[in-house]
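Working notes for the structure below.
The values are calculated or read from the model by the stated rules, or taken from the named source; none is laboratory data. Values in this document were obtained by computation on a predicted structure and should not be read as measured data. Here the Cβ positions follow ideal geometry from the backbone for every residue, glycine too, while neighbour counts run over all protein chains shown.
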Amino acid sequence: MGNGNGAHSKKAPPRRHLTRLLVGAAVVAAASGGVGMLLTRAAAAPDGAGSGGISAPAAATASGSSTTGWAEGSSLQPVTAAAVGPAGGRLGPTTPITVTYTGRPPLSLRPTLQPPVAGSWTVSGRVATFVPAADWPPYSHVTVTVPPPSGHTLAGSSPATSASSSPATSAGARTATFTTPPISLLRAQQILARLGYLPVTFSSTAPAPATAAAETAFGYDPPPGTFPWRSASLQATLGPLWVPGQATTVTTGALMAFQADHQLSVDGIFGPQTWAALVQADLADHEPPKPYTTVVANLNAPETLTVEVDGNPVLTSPVNSGIAGARTPAGTFPIFERLPSTTMRGTMPDGVSYVDPNIRWVNYFYEGDAIHGFVRAAYGFPQSNGCLELPVATAQKVYGLLHLGDLVTVAGTFSQAG
């Protein structure tokens with residue numbers, strides 16, 4: 001309902017706490033020792049400093065000799081692990097893990113990985129190297145454990161260089177934990193575009209991934225391609241907000257729409273859970289459950305609101321924007337909450353407080369500002385406390401066309417002082 005002075009405001013809805021969760025790496029059987037397995041791609045260097053791992057000296061080999069396997073016995077002086085690398089605690093997509101020992105290591109000192117990862121260990125001199133059979137699982141942690149010599153601990157080993165590494169556990173084993181890389185946002189955009197969640201499509205000559213491993217490889221190293229616009233109208237409205245590889249408003253809205261469709265937390269943040277769902281959807285060639293829909297509010301007199309599908313208008317109506325002191329913000333924003341009915345309360349620019357129950361067909365797009373129905377004698381000029389007000393029957397139609405993540409663009413100049 002309206003208030004006494006012909007304008008209304010609203011209470012900002014509670015904002016969700018954004019939670020980032022790590023996806024556990026898929027556990028696969030580790031390959032047995034022996035001849036090293038070939039990499040699917042060239043080994044990459046570590047991708048920057050991070051926590052975990054033990055700082056390792058340069059890999060050393062026994063003078064004048066090298067081996068391709070573990071020693072069958074041990075010397076009189078116990079062999080221990082001196083360092084685990086790479087230094088910095090972070091792995092590239094195919095970065096090997098190395099363990100440097102104080103001497104040629106026996107098989108009893110062969111390290112283990114948790115979670116297990118397919119691949120193989122080889123030994124050359126004093127250095128054991130683990131090469132993964134494919135890319136490391138993204139968004140994960142890999143812990144390397146080196147057992148101690150029988151009857152010995154590693155108390156005399158070189159100290160760890162970070163809190164997440166341990167030179168010796170209570171059982172005498174040496175451990176180091178490494179993080180694996182995140183997936184490129186560009187690859188997420190390529191999939192979102194292909195599935196219909198962006199105002200652009202994606203075209204590439206690279207073959208479509210057929211397995212989760214192939215998706216991971218593209219996630220680390222996206223294939224080349226182009227992003228044609230769906231329509232000239234969408235390009236005119238959203239062009240400056242679309243940047244491949246960057247988390248602009250357009251990408252945030254697409255992520256929110258995808259998350260809502262796949263029962264994920266709708267926060268617009270690209271992380272491990274969203275990536276896992278994108279992989280499943282891409283491999284299954286899922287079609288989006290809705291067309292690409294946007295809203296354009298033109299605040300030139302008379303003020304109008306238009307709903308567009310793929311840039312084509314499907315509904316246009318007079319709309320009321322915010323009065324002086326409570327102007328509707330200009331820009332483009334994703335819809336982050338939808339309610340069929342709510343109570344709005346707040347304070348007008350003149351200091352008058354109000355409570356408006358049963359506000360219908362509400363789409364919040366900026367803080368407490370929303371598209372919603374409201375009874376007025378006329379529409380098409382500033383009357384609200386920042387919201388975009390529609391006739392109630394029209395608001396119901398608009399509500400049925402919109403979804404979480406749809407973009408609302410507010411443009412034009414205010415027609416009256418309000």
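So the values come out like this:
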quantity	calculated
The lone exception for Gly346 - which of (1) crowded, with 17+ Cβ neighbours inside 10 Å; (2) small (Gly, Ala, Ser); (3) at pLDDT 95 or above it fails	(3)
Which listed residue is free of Cβ contacts under 8 Å to residues at least 40 places away in the same chain, surrounded by fewer than 22 Cβ atoms within 10 Å (Cβ to Cβ) and within 22 Å of Ala260 (Cα to Cα), from Thr226, Thr205, Thr201	Thr201
Selection count where residues are in a loop (DSSP other than H, G, I, E, B), farther than 24 Å from Arg194 by Cα, touching a strand residue (DSSP E or B) at 6+ places or on another chain (Cβ under 7 Å) and not hydrophobic (A, V, I, L, M, F, W, C), scope region 268-319	2
Criterion (assigned to a strand (DSSP E or B) and either of a type in the set (Val, Ile, Thr) or touching a helix residue (DSSP H, G or I) at 6+ places or on another chain (Cβ under 8 Å) (or both)) met by exactly one of His403, His372	His372
Candidate set: region 75-85, residues that are surrounded by fewer than 20 Cβ atoms within 10 Å (Cβ to Cβ) and not aliphatic (A, V, I, L, M); chosen: the one nearest to Ile183 (Cα to Cα)	Pro78
Within region 103-130, tally of residues that are buried (at least 19 other Cβ atoms within 10 Å of the Cβ) and of a type in the set (Val, Ile, Thr)	4
Residue check, Pro272 assigned by TED's automatic domain parsing to the domain that holds Pro382 and modelled with pLDDT of 95 or more	no
Single residue of region 201-251 satisfying the filter (assigned to a loop (DSSP other than H, G, I, E, B) and charged (D, E, K, R)) that is nearest to Ala411 (Cα to Cα)	Arg230
Residue list for region 253-287, filter: without any contact (Cβ under 8 Å) to a residue 12 or more places away in the chain and not small (Gly, Ala, Ser)	Gln263, Gln280, Asp285
Single condition Ala393 does not satisfy, out of (1) over 29 Å from Asp267 (Cβ atoms); (2) within 34 Å of the chain's Cα centre (by Cα)	(2)
Positions within region 105-116 being closer than 30 Å to Ala213 by Cα and either in a loop (DSSP other than H, G, I, E, B) or of a type in the set (Val, Ile, Thr) (or both), in sequence order	Arg110, Pro111, Thr112, Pro115, Pro116
Hey, Val250 of a type in the set (Val, Ile, Thr) and either in contact (Cβ under 8 Å) with a residue 60 or more places away in the chain or in the same structural domain as Thr94 (by TED's automatic domain parsing) (or both) or not	yes
Out of Val243, Val295, sole residue that is under 28 Å from Gly380 (Cβ atoms) and over 13 Å from the mean Cα position of the chain (by Cα)	Val295
Evaluation of Ile371 against (1) more than 28 Å from Leu192 (Cα to Cα); (2) surrounded by 20 or more Cβ atoms within 10 Å (Cβ to Cβ); (3) of a type outside the set (Ser, Thr, Tyr) (one fails), failing number	(1)
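Here is a yes/no grid of residues against (1) part of a strand (DSSP E or B); (2) modelled with pLDDT under 95; (3) over 26 Å from Thr274 (Cα atoms):
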residue: Ser55; (1), (2), (3): no, yes, yes
residue: Thr68; (1), (2), (3): no, yes, yes
residue: Thr95; (1), (2), (3): no, no, no
residue: Gly103; (1), (2), (3): no, yes, yes
residue: Trp121; (1), (2), (3): yes, no, yes
residue: Pro149; (1), (2), (3): no, yes, yes
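Conditions (1) surrounded by fewer than 20 Cβ atoms within 10 Å (Cβ to Cβ); (2) touching a His at 6+ places or on another chain (Cβ under 8 Å), marked per residue:
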site	(1), (2)
Ala257	no, yes
Phe270	no, no
Gln273	yes, no
Leu278	no, no
Val295	no, no
Ala301	yes, no
Thr304	yes, no
Ile323	no, no
